[in-house]
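The values are calculated or read from the model by the stated rules, or taken from the named source; none is laboratory data. These figures come from a predicted structure and were not determined experimentally. Cβ: placed from backbone, ideal geometry, glycine included. Neighbour counts: every protein chain shown.
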Amino acid sequence: MLLRVLSPEMRQILSRPIFTFHIPNEFRGNDESPKSVTQSILMSNLPHGQKLWRFRADIICGDDDGKHCPKGMCEVKHLQKLLRNPSLSIRLRLCPGTILFMDNGSYLHARSNIQDSSRWLKRVRFYMEGGR
């Protein structure tokens, strides 16, 4: 849904690997782990035409040399505004005790072990014979 309201220019900018994501300590394995990565927010060169988002507003900035940062950050702010738009979101009302299962790779994003125990999102791994 969100992709439909993004201009081609915005999709192009978000697809460039110009955004630096500062990696919070709870996601870093050790002191040698990188403190940041530079990637795109929207990755679209995936098999079967899939799109993958990497977005967390509190840890992102434009590229380190500042060349794209003003434009990139303008797009990040616009994306944040769109994400807060109720008409572009789906609201689920779940009964207490309901468990919602989703494919992390399709709906959120694949990542390493979550070490922050205060997060509301908990990861459970299911392995099925024969793959997916």
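Has the range 44-54 got at least one residue that is over 28 Å from Ser87 (Cα atoms), at pLDDT below 85, surrounded by 12 or more Cβ atoms within 10 Å (Cβ to Cβ) and more than 14 Å from the chain's Cα centre (by Cα)? Checked the range 44-54: no residue is over 28 Å from Ser87 (Cα atoms), at pLDDT below 85, surrounded by 12 or more Cβ atoms within 10 Å (Cβ to Cβ) and more than 14 Å from the chain's Cα centre (by Cα).
This table checks each residue for (1) at pLDDT 85 or above; (2) in a helix (DSSP H, G or I); (3) surrounded by 15 or more Cβ atoms within 10 Å (Cβ to Cβ).
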| position | (1), (2), (3) |
| --- | --- |
| Glu9 | yes, yes, no |
| Gln12 | yes, yes, no |
| Pro17 | yes, no, no |
| Asn30 | no, no, no |
| Pro34 | yes, no, no |
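Taken over the range 55-93, the criterion of being at pLDDT below 75 and not charged (D, E, K, R) is satisfied by Cys61, Gly62, Gly66, His68, Cys69, Pro70. Looking across the range 78-99 at every residue that is among the charged types (D, E, K, R) and in a loop (DSSP other than H, G, I, E, B), the one that is nearest to the chain's Cα centre (by Cα) is identified as Arg84. Just checking, does the range 94-108 include any residue being of a type in the set (Gly, Ala, Ser) and modelled with pLDDT of 75 or more? Yes - at least one qualifying residue is present in the range 94-108.
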